[in-house]
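Engineer: So that we are looking at the same thing, I have put the structure below in structure tokens.
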Amino acid sequence: MKISEIFYSIQGEGIDIGMPTVFVRLFACDLRCSWCDTMYAVEGRDFKEVSVAGIIEQVEKWDCTRVCITGGEPLIQMDEVSALAAELIEMNYNILLETSGHKMPPAVFWTEKCVISMDCKCPGSGMHERMDFTLYSKLRSGDQLKFVIQDEVDFEYAVNILDRHGIKAHIIFQPAGGLGVGWITEKVMSDNLSGVRVLPQLHKIIWGDKRGV
């Protein structure tokens, strides 16, 4: 598998924010979001080829049963990431898959030991036309759908998506860049969006725009 990095930190986003987690960041992505903060995992040659067994060996270095599989876009390496998840589940790890909303996660991730964190790309990303909206209604109540909000156009786009699609998952509004949640919070409150969580990227508050955290 093409691996960008494996590290231990706290979850900086979503419903598990603040929880100690081992991150397995896969290399490569077929999207190019304007605000992407992990371009080192998207293009270039900054990766290592690591077997599933080698990845698990590194994950086991930390006394943590929570693993986040992220990218890049992990589902580009569909067969390999499925095998990795299956092995981790067999070893009683809990998995969070971070993926964009344009590829169907394989069956192994639709199990009780896995949470799917799916993005809905807004216009500010430049990738909103690549989304597969049929995926959102498949998300379970324990999964999450994340909108990265850059401006009011993105905000209104996200609200429209929520109005048009029956979504059971947790809804996250996160500012582009990870910081500055104030105006989004005010909008969510004034629009009475009671089902939306407004969250920053906690790791950037703690460590800044730093790799491997």
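The values are calculated or read from the model by the stated rules, or taken from the named source; none is laboratory data. Everything numeric here is computed off the predicted structure, so don't read it as measured data. For neighbour counting, all protein chains shown are included, and Cβ atoms are generated from backbone atoms with ideal geometry for every residue, glycine included.
Engineer: Would you call Ala169 in contact with an Asp or Glu (Cβ under 9 Å, 6 or more places away or on another chain) and of a type in the set (Gly, Ala, Ser)?
Structural biologist: It is true that Ala169 is in contact with an Asp or Glu (Cβ under 9 Å, 6 or more places away or on another chain) and of a type in the set (Gly, Ala, Ser).
Engineer: Sticking with this structure for a sec: I want to confirm something. Restricting to the range 12-24 and keeping residues that are of a type outside the set (A, V, I, L, M, F, W, C) and within 14 Å of Ser117 (Cα to Cα), which single residue is surrounded by the fewest Cβ atoms within 10 Å (Cβ to Cβ)?
Structural biologist: Among those residues, the one meeting the criterion is Asp16.
Engineer: Quick one: Leu84 ticks every box in (1) touching an Asp or Glu at 6+ places or on another chain (Cβ under 9 Å); (2) buried (at least 16 other Cβ atoms within 10 Å of the Cβ); (3) outside any strand (DSSP E or B) except a single one, so which number is it?
Structural biologist: Condition not satisfied by Leu84: (1).
Engineer: Just the residues that are of a type in the set (Gly, Ala, Ser) and farther than 12 Å from Phe147 by Cα, please, taken from the range 165-213.
Structural biologist: Passing the criteria: Gly166, Ala169, Gly177, Gly180, Gly182, Ser190, Ser194, Gly195, Gly208, Gly212.
Engineer: Across the range 110-153, what is the total count of residues that are more than 25 Å from Val188 (Cα to Cα) and in contact with a helix residue (DSSP H, G or I) (Cβ under 6 Å, 6 or more places away or on another chain)?
Structural biologist: Residues meeting the conditions: 1.
Engineer: Now, a different point. Taking into account only those residues within the range 100-137 that are surrounded by fewer than 16 Cβ atoms within 10 Å (Cβ to Cβ) and aromatic (Phe, Trp, Tyr), which is nearest to Leu31 (Cα to Cα)?
Structural biologist: The qualifying residue nearest to Leu31 (Cα to Cα) is Phe133.
Engineer: Can you tell me which residue among Met118, Met104, Met127 is touching a strand residue (DSSP E or B) at 6+ places or on another chain (Cβ under 8 Å), farther than 18 Å from Ile15 by Cα, at pLDDT 95 or above and not acidic (Asp, Glu)?
Structural biologist: None of the others qualify; the one that does is Met127.
Engineer: Here is a further query. Within the range 14-28, does at least one residue satisfy the condition of being within 16 Å of Pro74 (Cβ to Cβ), in contact (Cβ under 8 Å) with a residue 60 or more places away in the chain, of a type outside the set (A, V, I, L, M) and assigned to a strand (DSSP E or B)?
Structural biologist: For the range 14-28, residues within 16 Å of Pro74 (Cβ to Cβ), in contact (Cβ under 8 Å) with a residue 60 or more places away in the chain, of a type outside the set (A, V, I, L, M) and assigned to a strand (DSSP E or B): present.
Engineer: Here's a follow-up. For the range 115-137, which residues satisfy the criterion of being closer than 19 Å to Leu97 by Cβ, part of a loop (DSSP other than H, G, I, E, B), in contact (Cβ under 8 Å) with a residue 40 or more places away in the chain and more than 15 Å from the chain's Cα centre (by Cα)?
Structural biologist: Listed by number, the list holds a single entry, Met127.
One line per residue, one yes/no per condition, for (1) touching a Ser or Thr at 6+ places or on another chain (Cβ under 9 Å); (2) assigned to a strand (DSSP E or B); (3) closer than 24 Å to Gln144 by Cα:
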| site | (1), (2), (3) |
| --- | --- |
| Cys36 | yes, no, yes |
| Gly44 | no, no, no |
| Trp62 | no, no, no |
| Val67 | yes, yes, yes |
| Asp79 | no, no, yes |
| Leu88 | no, no, yes |
| Thr99 | yes, yes, yes |
